[in-house]
Amino acid sequence: MKPLRITAKLAEGIVLRAPLMLDGILAWVVCARERRLSPLPGDAIEPVDIPIELEPGGRFHLCSQGLHEVEASSLRYKNRRAPWVEYARFGTSKIKRVDIAAGANKSYRVPYSLDLLRDDRIVWYCIGDPDGIRDLLRDVHYLGRHRGAGKGRLDLHGQPWRVEECETWGDGFPVVDANGKAMRALPLDWPGLVESRQSFRNVTFPYWDKTREALCAVP
Amino acid sequence: METTRFEMIVRAAQPIAHHQENLGNQAIFARKLVRLPGGERVNVPYVSGDTVRHALREAAFYGTLHEAGLLNDPQLSEGALRLLLAGGMVTGKGDASVVNIDRYRELVALFPPLALLGGCTDNRVIPGQMHVDDGNLLCSEMRHLSPPWVMAWLESNGERLESCRGAIEEVQRVRMDPMLRPEAVKLLSDGAKANVEGRALVAESAHDTGDAVAAKEGKSAMMPRTHERIIQGSLLWIGLEARTYSDLEHDSFCFAVACMLSNFHVGGKRGTGHGKLEFVAGSRVHFMPASASLESVGRELAPKTGDLYKAHVRARKDDLASWLRSGINS
C-alpha cells in the first residue's frame, strides 16, 4: 500500500449533491462487476473488498473525499411526463382516466445545479494499491448524479484517471490535512483533529444510507 | 462485464426545436454552459441527454412490441406502460402499479432493455446500466470537447467548424384566426355570424377612435410567435454507453440503438417538420479489461445486430404479452 494522489478529468459539467468518495466509487465497481443489487437502507451490508487501506479500527478506508472547486454553475431540470398518449394508444380498456397532477402518473420538472469545476478536475488522496485502483477505475466513466443522462462524463478520449504516488504531509495523511482539519467525514475521536465542523454523516459506504449516519467531524 | 460505447455523428435532416423556456411568445432553444480553453464560458445549444435517452427507451419499446407482434392489439396494463416508457414509479405495496423484485427480474429476463434503462419496483429504484450523453453541436466552441475521431472525420470530409451562433435561427409562425376568413365565416350559424361581424365592427371603430379597451375586446385570436431552432444540416455528435453482462443484453443494446437510428427524432414540433436526425458516421469503443479499442460502425452497427434479441423476443412473445397485459398489476 502506497500514498497516492488520484485525479479524475471531466469532459463536462457534473451534478454533485454530496462530496464524491473514492472508496464508494471503488466499491460500486466491485459490486457492478459482480452484478450485486444495492442494499436497502438499514439492510446488512456484505463486505466489499477494495484496494484501499482500512484504518486500524476497521471503521473506514484511508482516503480523502473528492477535492474540487466549483467555477460556475447552471440550472438544469429533470423532467418526467406520464406517457398518457401511449396509455390511450396501447393501454387496456381498463385505463379510464389518468391523473397527471398527483399519484403514480404525476409529471415533474425538478431543478438541479450542474457545476463546471476548475480545470475540470477532482482530486483524492489515499493509501492504497495503485494497480488495483487503476484496474477498478477503468470501469468508471461517469461521476456524480444524473449519470444516465450523460452528466459527469470523464475525458474518455484523453486520460480520465491518473493514479500517481505522492508525498505525504504528515501523520494525518490522507484524512486530516496539515492544519488538523478533516478531509473526509471522520469519527469524532480520530487523532490529530484540531478544529472541525460536526455533522451527521457516514464514515464508510454506502454513503447514501441515512439510517447509518452518526455525528462526525467533517471538512 | 463488458462496457460498450457508441459515438456517432448525426445530421439534422430537419430543423431541431428543443426548447428550454418561453419568454413571452418566444421559445428559447436549450443551451448549456461550456468552459472554453483558457477559462472563458459560453452558452452552447445542445440536445439534452434525457431526450436522447427517452428516444432510446421508446425505440426499444416499439421495436420489442413489433417483434412480439403486439402492436396491432397491445392492451397493455397501466403499470407496464409506465414501467417501459417512464421507468415506473416507487409507489409502495398495495398500489396497482407494484412490481415486486422477483417479478422485476422475470420482466428483465423477458425484456432485457429494462435492465439497461433501469426502473422501479415497489420500494426501490433499480439503476440502469446505460449512460446517454447530450447531443453536442459540432461547432468551434465545442472543438476541444469533441472526440478526436469526430474531428478527424470532419477534416477528412471537408466540414468546416463555425461558431454555434451560426447554427441557430429564429423563425416566426402565426396561428391564424379562422374568423378572419370570409369563406369560413359564411359557414357559421346566424347567431355566431352576427357575433363575429359585431366584434369586427367594434374593433374597427375602436381603431378609429383610439379606444384601447374596446380594441382589446374586439381583437382577433391570431397569435404570432417565434421560436429558435438548430438549422437544417447542422451536425451533432452523441455518445451512448452500456454495461452488459451477457450476449443477449449486449445485443438488446445494439438493437435499441439501431431501432432509434432508423427513425431518430428529438425535440418538439415534430408535426411540422422538425426534429429528424440522420446517422452520418459512428465509432464503437470496446472497453475491455486493460484496453480500449475503437472501430468504425455503420448505421446497422454490425451484420447480425438484433438477431439474438429478436429470436429471444419471438420465443417468449406469449410470456411477454401475458406479463405486459396483466402480470404487473397484482
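The values are calculated or read from the model by the stated rules, or taken from the named source; none is laboratory data. Remember, it's a predicted structure, so these values are computed and weren't measured experimentally. Ideal geometry is used to build each Cβ from the backbone, glycine not excepted, and the neighbour counts take in all protein chains shown.
Show the residue pairs meeting these rules: Cβ distance below 8 Å; 6+ apart or different chains; first residue within the stretch B:49-66 and more than 8 Å from chain A (Cβ to nearest Cβ); second residue hydroxyl-bearing (Ser, Thr, Tyr) and surrounded by 24 or more Cβ atoms within 10 Å (Cβ to Cβ).
Sorted first by the residue in the stretch B:49-66, then by its partner, the pairs are B:Ala60/B:Ser252.
Suppose we filter the stretch A:79-125 for residues that are more than 30 Å from A:Ala185 (Cβ to Cβ) and β-branched (Val, Ile, Thr); how many remain? Full working, then the answer.
Step one: of the stretch A:79-125, the residues more than 30 Å from A:Ala185 (Cβ to Cβ) are A:79-109.
Going one step further and asking which of them are β-branched (Val, Ile, Thr), we end up with A:85, A:92, A:95, A:98, A:100.
The number of residues fulfilling the criteria is 5.
Restricting attention to the stretch A:129-161, and to residues there that are surrounded by fewer than 19 Cβ atoms within 10 Å (Cβ to Cβ) and not in a loop (DSSP other than H, G, I, E, B), which single residue is nearest to the other protein chains (Cβ to nearest Cβ)?
Looking at the filtered set, the residue picked out is A:Asp135.
Out of curiosity, is B:Arg229 assigned to a strand (DSSP E or B), more than 14 Å from chain A (Cβ to nearest Cβ), of a type in the set (Lys, Arg) and touching a residue at least 40 places away in the same chain (Cβ under 8 Å)? Talk me through it step by step, then tell me what you get.
On the way: assigned to a strand (DSSP E or B): yes; more than 14 Å from chain A (Cβ to nearest Cβ): yes; of a type in the set (Lys, Arg): yes; touching a residue at least 40 places away in the same chain (Cβ under 8 Å): yes.
Yes: the conditions hold for B:Arg229.
Only residues that are of a type in the set (Phe, Trp, Tyr) and either free of Cβ contacts under 8 Å to residues at least 40 places away in the same chain or closer than 21 Å to A:Gly103 by Cα (or both): list them for the stretch A:48-89, please. If you could, list the steps in order and put the result at the bottom.
Narrowing the stretch A:48-89 to residues of a type in the set (Phe, Trp, Tyr): A:60, A:77, A:84, A:87.
Matches in the stretch A:48-89: A:Tyr77, A:Trp84, A:Tyr87.
Does B:Met288 count as within 21 Å of B:Leu71 (Cα to Cα) and modelled with pLDDT under 95? Steps first, answer last, please.
Numbers: within 21 Å of B:Leu71 (Cα to Cα): no; modelled with pLDDT under 95: yes.
Judged against the criteria, B:Met288 is not a match.
In the stretch B:257-271, what count of residues is obtained for those that are within 16 Å of B:Lys304 (Cα to Cα) and among the small types (Gly, Ala, Ser)?
Count: 2.
Give the residue that is nearest to the other protein chains (Cβ to nearest Cβ), with candidates limited to residues of the stretch A:85-122 that are small (Gly, Ala, Ser) and under 30 Å from A:Leu16 (Cβ atoms).
Going through the stretch A:85-122, the residues small (Gly, Ala, Ser) turn out to be A:88, A:91, A:93, A:101-104, A:107, A:113.
Filter once more, so that each one left must be under 30 Å from A:Leu16 (Cβ atoms): A:104, A:107, A:113.
On the way: A:Ala104: 4, A:Ser107: 9, A:Ser113: 11 Å.
Ranking the candidates gives A:Ala104 first.
Looking for something away from chain B (no Cβ under 11 Å) and either part of a loop (DSSP other than H, G, I, E, B) or of a type outside the set (Asp, Glu) (or both) - is there at least one such residue anywhere in the stretch A:32-42? So that I can check it myself, show each step before the final result.
Restricting attention to the stretch A:32-42, the residues satisfying the condition of being away from chain B (no Cβ under 11 Å) are A:36, A:42.
Checking which are either part of a loop (DSSP other than H, G, I, E, B) or of a type outside the set (Asp, Glu) (or both) leaves us with A:36, A:42.
Looking for residues that are away from chain B (no Cβ under 11 Å) and either part of a loop (DSSP other than H, G, I, E, B) or of a type outside the set (Asp, Glu) (or both), one finds at least one in the stretch A:32-42, hence yes.
Please find, within the stretch B:74-88, the residue that is surrounded by the most Cβ atoms within 10 Å (Cβ to Cβ) out of those that are part of a helix (DSSP H, G or I) and of a type outside the set (A, V, I, L, M, F, W, C). Show your work before the answer.
At the first step, the residues of the stretch B:74-88 found to be part of a helix (DSSP H, G or I) are B:78-86.
Cutting the leftovers down to of a type outside the set (A, V, I, L, M, F, W, C) gives us B:78-79, B:82.
Numbers: B:Glu78: 21, B:Gly79: 23, B:Arg82: 28.
Among them, the one singled out is B:Arg82.
Search the stretch A:42-99 for residues being at pLDDT 95 or above and polar (S, T, N, Q), and hand back the single one that is farthest from B:Arg124 (Cα to Cα).
Among those that are at pLDDT 95 or above and polar (S, T, N, Q), it is A:Ser64.
Taking A:Glu164 as meeting all but one of (1) over 29 Å from B:His19 (Cα atoms); (2) of a type in the set (D, E, K, R); (3) within 12 Å of another protein chain (Cβ to nearest Cβ); (4) not in a loop (DSSP other than H, G, I, E, B), write down the number of the exception.
All conditions are met except number (3).
I want to confirm something. Restricting to the stretch B:176-207 and keeping residues that are assigned to a loop (DSSP other than H, G, I, E, B) and charged (D, E, K, R), which single residue is farthest from B:Arg229 (Cα to Cα)? Walk me through how you get there before you give the answer.
Taking the stretch B:176-207 as the starting set, the residues that turn out to be assigned to a loop (DSSP other than H, G, I, E, B) are B:176-177, B:181, B:186-189.
This time we only want the ones that are charged (D, E, K, R), so: B:177, B:181, B:186.
On the way: B:Asp177: 25, B:Arg181: 30, B:Lys186: 38 Å.
Restricting to residues being assigned to a loop (DSSP other than H, G, I, E, B) and charged (D, E, K, R), the top hit is B:Lys186.
Tell me, yes or no, whether the stretch A:68-80 has at least one residue that is surrounded by 11 or more Cβ atoms within 10 Å (Cβ to Cβ), under 27 Å from A:Ser199 (Cα atoms) and more than 14 Å from chain B (Cβ to nearest Cβ).
Initially, the stretch A:68-80 is screened for residues surrounded by 11 or more Cβ atoms within 10 Å (Cβ to Cβ), giving A:68, A:70-74, A:76-80.
Now drop any that are not under 27 Å from A:Ser199 (Cα atoms), which leaves A:68, A:70-73.
Now restrict to residues that are more than 14 Å from chain B (Cβ to nearest Cβ): none.
No - not one qualifying residue is present in the stretch A:68-80.
Touching a residue at least 60 places away in the same chain (Cβ under 8 Å) and either within 8 Å of chain B (Cβ to nearest Cβ) or under 24 Å from the mean Cα position of the chain (by Cα) (or both): does that describe A:Leu10?
Numbers: touching a residue at least 60 places away in the same chain (Cβ under 8 Å): yes; either within 8 Å of chain B (Cβ to nearest Cβ) or under 24 Å from the mean Cα position of the chain (by Cα) (or both): yes.
Yes: the conditions hold for A:Leu10.
Quick check, is A:Val85 more than 22 Å from B:Asp50 (Cβ to Cβ) and aliphatic (A, V, I, L, M)?
On the way: more than 22 Å from B:Asp50 (Cβ to Cβ): no; aliphatic (A, V, I, L, M): yes.
For A:Val85, the condition - more than 22 Å from B:Asp50 (Cβ to Cβ) and aliphatic (A, V, I, L, M) - is not met.
Hey, can you tell me all the residues within the stretch A:148-172 that are under 22 Å from the mean Cα position of the chain (by Cα) and aromatic (Phe, Trp, Tyr)?
A:Trp161
Restricting to the stretch B:132-175, count the residues that are in a loop (DSSP other than H, G, I, E, B) and within 14 Å of chain A (Cβ to nearest Cβ).
Qualifying residue count, the stretch B:132-175: 4.
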